[in-house]
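The values are calculated or read from the model by the stated rules, or taken from the named source; none is laboratory data. Keep in mind it's a predicted model, so treat the numbers as computed, not measured. Reconstructed Cβ throughout: ideal geometry from the backbone, glycine too, with neighbour counts over all protein chains shown.
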Amino acid sequence: MLVDAQVHVWEAHSEARPWPVDARHTAHRRVPPDCGEVLALLDAASVSRAVLVPPSWAGDRNDVALAVARAHPDRFAVMGRIALDDPGQAARLPGWRATPGMLGIRVTLHHEPLRSAFSDGTTEWFWAAAGAVGLPVMVYPPGLVRELGRIAERHPGLRLVVDHLAAPVGSTGMEAYAELPELLTLARLPNTAVKATAQPCHSRQSYPFADIHGPLQQVVDAFGPHRVFWGSDYTRLPCSYEESLRFVAAALTGLADEDLDLVLGDALLRWLDWP
């Protein structure tokens, strides 16, 4: 089964549904995709399912993604957002997955004030609470991989997924993978995995993006195919959706078919307990 580990759906800023005043919406396209567009895209590429990820620029709201997942429960599920500046939210985590369509939580640490809150320990309540209930958490931590590893060590009940190979938005070539050595050291922790999402965005070449094959191969060698998950993040891709999918097979030519199947979806379903 092919499963896309990251697709954003959102609604445009409006008076009825305003974005936060500090919203940053730069890397992705301006017009939000609707459910019909996403379904058509998946169907054309024979992708069976996708994880919906509410984007950071729309605030800590999950209603749009959950509505899509509820309308098509056989195709979509959600890694939702939570207000990390409110320790009172910890009480919600034991029942988080009881919400229809919800699989876990996604955290983005590429902008302030969350970067500082993560570094100074203000968000420790969240990691402890999520770890206590074994909740899957996807984290985008560019520049903070070493610190995230310490979180994983302190809270072995966490099921952490490092997004985008921790490559910073806008970075290309080997500059995008400056933290690769730190990322590879996390492979020793059985509660960590990696999302190979949005990778064509970091290539300086056209398909098959040969200049970034090496980092992906190193990640799969270190973590194993059961802890590496393909995904598109397609609303910011510099290529077609199909090329973002075929890139994985082009980069991992030595991988056995059953291991490639793991990277392209089977492993993600197991990690997230998505039946």
Segment 203-238, residues that are more than 16 Å from residue 182 (Cα to Cα) and among the small types (Gly, Ala, Ser): 203, 206, 210, 224, 231, 232
Suppose we keep only residues that are acidic (Asp, Glu) and assigned to a loop (DSSP other than H, G, I, E, B) within segment 1-30. Which one would you say is surrounded by the most Cβ atoms within 10 Å (Cβ to Cβ)? 11
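Please state which one of 259, 221, 266 is touching a helix residue (DSSP H, G or I) at 6+ places or on another chain (Cβ under 9 Å), surrounded by 18 or more Cβ atoms within 10 Å (Cβ to Cβ) and more than 30 Å from residue 32 (Cα to Cα).
Among 259, 221, 266, only 259 is touching a helix residue (DSSP H, G or I) at 6+ places or on another chain (Cβ under 9 Å), surrounded by 18 or more Cβ atoms within 10 Å (Cβ to Cβ) and more than 30 Å from residue 32 (Cα to Cα).
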Specify which of the listed residues (101, 121) is at positive phi and touching a Lys or Arg at 6+ places or on another chain (Cβ under 6 Å). 101
Checking the condition closer than 17 Å to residue 192 by Cβ and of a type outside the set (Ser, Thr, Tyr), which residue from 147, 112 passes? 147
Hey, can you tell me all the residues within segment 159-197 that are assigned to a loop (DSSP other than H, G, I, E, B) and crowded, with 24+ Cβ neighbours inside 10 Å? 167
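This table checks each residue for (1) under 17 Å from the mean Cα position of the chain (by Cα); (2) under 12 Å from residue 228 (Cα atoms); (3) polar (S, T, N, Q).
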residue	(1), (2), (3)
155	no, no, no
167	yes, no, no
171	no, no, yes
196	yes, yes, no
Quick check on my filter: what residues within segment 211-247 are of a type in the set (A, V, I, L, M, F, W, C) and not in a helix (DSSP H, G or I)? 228, 229, 230, 237, 239
Whether any residue in segment 79-88 is assigned to a helix (DSSP H, G or I), over 15 Å from the mean Cα position of the chain (by Cα) and modelled with pLDDT of 95 or more is what I want to check. yes
Can you run down the residue pairs with Cβ atoms below 8 Å, 6 or more apart or on separate chains, where the first is in segment 108-120 and surrounded by 11 or more Cβ atoms within 10 Å (Cβ to Cβ) and of a type in the set (Phe, Trp, Tyr) and the partner is assigned to a helix (DSSP H, G or I) and at pLDDT 90 or above? 118/147
Return the residues of segment 238-259 that are closer than 15 Å to residue 2 by Cβ and within 19 Å of the chain's Cα centre (by Cα); say none if nothing qualifies. 241, 242, 243, 244, 245, 246, 247, 248
Pick out the one residue from 96, 125 that is hydrophobic (A, V, I, L, M, F, W, C), outside any loop (DSSP other than H, G, I, E, B), under 26 Å from residue 65 (Cβ atoms) and within 20 Å of the chain's Cα centre (by Cα). 96
If a residue has to be more than 19 Å from residue 5 (Cα to Cα) and in contact with a Ser or Thr (Cβ under 9 Å, 6 or more places away or on another chain) to count, how many in segment 58-86 make the cut? 2
Pairs, please: C-beta under 7 Å, at least 6 apart or cross-chain, first residue closer than 22 Å to residue 114 by Cα and in segment 12-33, second surrounded by 12 or more Cβ atoms within 10 Å (Cβ to Cβ) and among the aliphatic types (A, V, I, L, M)? 19/58; 27/169
Residue count, segment 31-66, condition part of a helix (DSSP H, G or I) and either surrounded by 15 or more Cβ atoms within 10 Å (Cβ to Cβ) or among the polar types (S, T, N, Q) (or both), comes to 11
